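Everything below concerns the one structure shown next.
The values are calculated or read from the model by the stated rules, or taken from the named source; none is laboratory data. The model shown is predicted, which means the values in this text are computed figures rather than measured ones. Here the Cβ positions follow ideal geometry from the backbone for every residue, glycine too, while neighbour counts run over all protein chains shown. Ligands, DNA and RNA are excluded from the accessible area calculation, which covers all protein heavy atoms including side chains. Shrake-Rupley method; radii C 1.70, N 1.55, O 1.52, S 1.80 Å.
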Amino acid sequence: VILLTPGPLTTARETRAAMTSDWGSRDAAFIALTADLRRCLLALAHGEANHVCVPIQGSGTYVVEAAIGSLVKPDSKLLVLENGRYGARAVTIAQRLGRPVTSLHWPEATPVNPQAVRAALKADPTISHVLLIHCETTTGILNPLQVVADTVAAEGRALIVDAMSSFGALPVDLRTTPITALLASSNKCLEGPPGIAFAIAARDALEEAGIAASVSLDLKAQWQGFEKNGQWRFTPPVQAVAGTVKALELLEAEGGPAARLARYRDNFATLLAGMKRLGFSLYLDEADQAPIIATFHVPKAWDLTFEAFYDALAARGYLIYPGKLTGADTFRIGCIGAIGRRDFEGLLAAMAEILEKARG
Ligand SMILES: *Cc1c(COP(=O)(O)O)cnc(C)c1O
């Protein structure tokens, strides 16, 4: 099957093959593998000078929770820039952890506005951290990372970036973009298996971190564990580490994030042109769209239900995202994973056939 979702994604055969061995989690071979993982991820973000890579067992949300609970202190305040579900989830996490939180809110089809961020920071000096979602996977909208980062830095606050659905494809360079903690996971643009989330965090921010809100999701303690003996504090997802290290090798062999982004752009362009031919329209302005996941309106005159459409595609081997996330009546198709133009041509042919049949 071809997964056309925001993750987990279609992975390469080599990546799946790398996960067939057992590993002793405290053995030298696995310690070396973990060191490779941390080094490669840090290098991808160009963070060698001031940052460290801290992997955490779990899905992406685990590291969002770890970062908020470890970096935002109970007497400081988080500002979440919210234009979708993942921003809303970050607010919920901060509330549950007892961290003071406020948010700026935009409609789902509107990118974050840096001027509003500047005004909010000037108005409230108690805000210590700002959280931005780089690509809001709810719709696929791209938020203006560089301008927001410069704005937050100019106001002397720390920036946490949820780069879950962009890291490995969209460019990010910690030498030129001031970010305190960049968060991502193994199973999106890195095209690895699910199971590892990670923070690429400024060393000084970790050193100054207070008491985390959670024992297992404690970024500072996790980092200190790796520094002490190269090992994970608690049982690591050994196969997922091996698969992700292989996926990182494949990323480098492909030509790095720039080459991967070019492939995803081609996937997106193929998909969009074909969807337009079939009568579908894109939910976002094309200028605001990242080539990660595309959201389409459900047509007004529609000969079948979305469920029937989904099932017919699934029966042909294409799994799209089974439901809407936006307030509007829409559906989403992912452009990322170890897939290319041919796969999208196959998907479009399957759709054409399903629509033809429904018309009777
Ligand atoms: C995928 C994703 C997450 C994490 O979701 P999980 O289901 O926990 O992996 C967080 N933020 C964004 C923007 C995402 O796309």
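Annotations
- Point-to-point label distance, ALA269-TRP302, nm (Cα→Cβ direction, 7 Å offset): 2.9
- Comparing LEU104, LEU174, LEU206 in a Gaussian network model of the chain, where Cα atoms under 10 Å apart are tied by springs, the biggest mean-square fluctuation is seen for LEU104.
- Value of D in µm² per second that Stokes-Einstein yields for the range 93-204, Kirkwood Rh from Cα pairs, at 4 °C (1.567 mPa s): 87
- Annotation: amide H-H contacts under 5 Å for LEU159 (H modelled 1.01 Å from N, sequence separation of 5 or more, or interchain): VAL130, THR180, ALA181.
- Remark: the Cα gyration tensor places the range 232-290 in the prolate category, a/c being 1.5 or greater and a/b exceeding b/c.
- With semi-axes defined as the square roots of five times the eigenvalues of the C-alpha gyration tensor, the equivalent ellipsoid of the range 3-159 measures 32, 19, 15 Å, largest first.
- Of the residues PRO125, PRO55, PRO236, the one that moves most in a GNM of the chain with alpha-carbon contacts below 10 Å is PRO125.
- Derived value for the range 259-360: Kirkwood hydrodynamic radius 13.9 Å. Basis is the mean of 1/r over every pair of different alpha-carbon atoms.
- With every protein chain in place and a 1.4 angstrom probe, the accessible-area ranking of GLU108, GLU227, largest first, reads GLU227, GLU108.
- Dipole of the range 130-225, positive end: most advanced residue of ALA213, SER165, HIS134 [Cβ charges, Cα centre]: SER165
- Counting only Cβ charges, +1 for Lys and Arg and -1 for Asp and Glu, the dipole size of the chain around its Cα centre is about 220 debye.
- Loop-resident sites, the range 118-211, for GluC sites (Glu not before Pro), counting at most 13 other Cβ within 10 Å (DSSP): GLU208
- With the Kirkwood sum run over all distinct C-alpha pairs, the range 147-219 has a hydrodynamic radius of 13.5 Å.
- Look at where the Cα atoms of the range 256-329 and of the range 217-254 average out, and the two centres are 33 Å apart.
- Hydrodynamic radius by Kirkwood, which averages 1/r over all alpha carbon pairs of the range 178-314, in angstrom: 18.8
- Accessible-area ranking of TYR62, TYR86, largest first, probe 1.4 Å: TYR62, TYR86
- Net charge over other residues, Cβ less than 15 angstrom from the Cβ of GLY156 (K, R count +1; D, E count -1): -1
- Rounded to 10°, Cα long-axis angle of helix 341-359 versus longest principal axis of the chain: 50
- Over the C-alpha atoms of the range 184-255, the Rg to Rh ratio, Rh being the Kirkwood estimate, stands at 1.02.
- For the chain, excluding the exposed loop sites themselves (trypsin sites (Lys or Arg not before Pro), DSSP loop, at most 14 other Cβ atoms within 10 Å), the longest remaining stretch covers 27-174.
- On Cα atoms only, tilt of 219-229 relative to the major axis of the chain in degrees: 70
- Heavy atoms of the protein chains alone define the surface here; on that basis the range 7-140 has 42 Å² accessible area per residue at 1.4 Å probe size.
- Extent along principal axes [Cα atoms of the chain; Å; largest to smallest]: 65, 53, 33
- Karplus-derived 3J(HN,Hα) values for the range 27-37, using 6.51 cos²θ - 1.76 cosθ + 1.60 with θ = phi - 60°, are 7, 4, 5, 6, 4, 5, 5, 5, 5, 4, 4 Hz; glycine and proline are entered as x.
- Fluctuation leader among ALA209, ALA119, ALA149 - the chain, Gaussian network, Cα springs under 10 angstrom: ALA119
- Ordered by solvent-accessible area of protein heavy atoms (1.4 Å probe), largest first, the residues PHE268, PHE234 come out as PHE234, PHE268.
- To the nearest ten degrees, helix 306-315 and the longest principal axis of the Cα atoms of the chain are 90 degrees apart.
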